[in-house]
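Report on one structure; see the data block that follows.
Here, each number is a calculation from the coordinates, and none is a lab measurement. None of the values given here were measured: they were computed from a predicted structure. Virtual Cβ from ideal backbone geometry, glycine too; neighbours counted across all protein chains shown.
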Amino acid sequence: MAFPIPSRQLFIDGEWTEPIKKNRIPIINPATEEIIGDIPAATAEDVELAVAAARRALKRNKGEDWASASGAHRAKYLRAIAAKIMERKGQISKLEAMDSGKPLDETEWDIDDVAGCFEYYAEQAEALDAKQKAPISLPMDTFKCHVLRQPIGVVGLISPWNYPLLMATWKVAPALAASCATILKPSETASVTCLELADVCREVGLPPGVLNILTGLGPEAGAPLACHPDVDKVAFTGSTATGSKIMSSAAQMVKPVTLELGGKSPILVFEDVDLDKAAEWAAFGCFWTNGQICSATSRLLVHESIAADFLDRLLKWCKNIKVSDPFEDGCRLGPVISKAQYEKVLKFISTAKSEGATVLCGGSRPEHLKKGYFIEPTIISDVSTSMQIWKEEVFGPVLCVKTFRSDDEAVELANDSQYGLGSAVLSKNLERCEKVTKELQAGIVWVNCPQPCFCQAPWGGSKRSGFGRELGEWGLENYLNIKQVTEYI
Ligand code: NAD
């Protein structure tokens, strides 16, 4: 589907601003491989301008400084952004489907979630005022003490491409609710809707400099932002490899970071499940968002007594998954994001085959699609725990299967991973679910489902999936400094 992509510039200090080096990056539609537009490419000089604008926004002299604006004042802008996004939902969700290759009905849900997240943090901004000066009881009555929650300051927000606008919103909305001034660097692979967010902020009159948006390459725009001495905190979502670089550059300045990184999440299917329902969940947990969810439950652990029956049903499910252009009715799996990602996923599959794994379905481009970065839903069995495909994040529609014989073995296999982001437990025995939930090394456990996500609940991982939590009240705390105030009376 052809849909006009607005030509945008960087968004700095409330203005569209041409990058100093005037470079642009082509936008490629992953479903057609066609260039459909371009985005501006920021470099270190543009980062300087954006950081200075954010710093000014925190402290303006005309009584309009963002750092001390009331919660109600900030909430007004957050709600206006949410309303404007809903007004433009049709356009934004289409742009996101073209830019990312995600099925259109998924991007429509994502845009609802974006608006919902801004609404939620509007409430949190208001609630923050009520939490100020919370008294602390002390053992001596000659002192009194309270706590102030103050904005961290200027924050650098670096986001990935799999949920382009939603992942950015998980950072922008709480940071603005906390009164921080922000610089967002979305992924160069899918930035179009983040630039529409800039336009929305311009339309609602968000004060200049409060949100700056710099599109561009990671090393050229992200790295100078992350290590800028005037950026007080970095919140990053992306791969573990990039997260590690950001953490080491932040360490030079003892700069706080939150890191939402990769995953290789397990889904545990016990012998007492409803087989049809469990097969549907297993397919959904791995293949949603074209298999490109950080928390994709891409390691399937199934009790050996039901494995054959269960896999039969799962394979039937996979045959019914419609792989097509994201705009086609009923599309359930679009292309992966880019040529590089397409080649990477196919390489994972061919390496697994050469190591002795069996491809039960999929494994290549669907025959009916001659162009685009499409890969069929792929299920791989006969994997050992030492194989790359079992250990590493594929970030594509690839599900690996292993069987287990006991609850302990299931947990042991699930925890045998460098990652610890999501995990799902499917069983009718809720006592077992509770026990297994406690034993799983993961930041998120879903019971009898995979993947639901609510902006009220904490999101984040352990081990090499990162640290810190986004969303909920934890997401707001990320952007606040806690100040103890103690008075002698
Ligand atoms: P990526 O690490 O390649 O890029 C993420 C962002 O970092 C992009 O904006 C990129 O331009 C920027 N970047 C790249 N190099 C940089 C550098 N040297 N300094 C600063 N910034 C730099 O990740 P991706 O391919 O965009 O996203 C996929 C990854 O994100 C997967 O590993 C996925 O699991 C992870 N992810 C995690 C979560 C979570 O909540 N834990 C959510 C979504 C995606």
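In the chain, the DSSP beta bridges split such that about 45 percent are antiparallel, to the nearest 5. Take the Cβ atoms of Gln150 and Glu48, set R0 to 22 Å, and the FRET efficiency comes out at 0.30. For region 267-328, the square roots a ≥ b ≥ c of the C-alpha gyration tensor eigenvalues yield an a/c of 1.5 or more together with a/b not exceeding b/c, which makes the shape oblate.
About the centre of its Cα atoms, the chain shows a dipole size close to 1000 debye [charges on the beta carbon of Lys, Arg (+1) and Asp, Glu (-1) only; nearest 20 debye].
Report the paramagnetic label zone for Asp272: residues of region 435-456 whose backbone N is under 16 Å from a point 7 Å from Cα along the Cα-to-Cβ axis. The answer is 435-437, 447-449, whose backbone nitrogens lie closer than 16 Å to the label point.
Computed across region 1-132, the Kirkwood radius stands at 17.3 Å (inverse of mean 1/r, all Cα pairs).
Between Ser7 and Asn429, residue separation times 0.36 nm minus the direct Cα-Cα distance comes to 146.5 nm. Taking Cα atoms, how many degrees apart are the long axis of helix 430-439 and the longest axis of the chain, rounded to 10 and kept between 0 and 90? So the helix axis and the longest Cα principal axis differ by about 60 degrees.
Considering only Ala82, Ala31, Pro103, the residue lying farthest towards the positive end of the dipole of region 1-121 is Ala82, judged by Cα position with unit charges set on Cβ. Under the simplified labelling scheme, the Ser386-Asp65 pair shows an inter-label distance of 6.1 nm, with each label point 7 Å from Cα along Cα→Cβ. Along the positive direction of the dipole of the chain (beta-carbon charges: Lys, Arg +1; Asp, Glu -1; about the Cα centre), which of Leu471, Ala173, Gln91 reaches farthest? Of the candidates, Ala173 comes out farthest on the positive side. Could you tell me how many degrees, from 0 to 90 and to the nearest 10, lie between the Cα long axis of helix 192-204 and the main elongation axis, the longest principal axis, of the Cα atoms of the chain? That helix lies at roughly 30 degrees to the long axis.
In summary, the aspartates and glutamates within cross-link reach of Lys21, defined as a Cα separation below 19 angstrom excluding same-chain residues under 8 places away, comprise Asp13, Asp38, Glu45, Asp46, Glu48, Glu188, Glu220.
For the chain, the longest principal axis of the Cα atoms and the long axis of helix 71-87 meet at an angle of about 40 degrees. For the chain, the square roots of the Cα gyration tensor eigenvalues, ordered a ≥ b ≥ c, give a/c of at least 1.5 with a/b no greater than b/c, which places it in the oblate category.
Could you calculate the FRET efficiency of Asp129 with Asp38 from 1/(1 + (r/R0)^6), where r is the beta carbon distance between them and R0 is 51 Å, rounded to 0.05?
The pair Asp129/Asp38 has a calculated efficiency of 0.75.
So for region 320-396, Kirkwood radius off the Cα pairs, Stokes-Einstein at 25 °C and 0.890 mPa s: how many µm² s⁻¹?
188
Towards the positive end of the charge dipole of the chain, with charges on Cβ (+1 Lys, Arg; -1 Asp, Glu), say which of Gly243, Val411, Leu10 has the farthest Cα. Toward the positive end, the furthest listed residue is Leu10. Both radii are taken from the alpha-carbon atoms of region 266-447; with Rh as the Kirkwood radius, Rg/Rh is 0.95.
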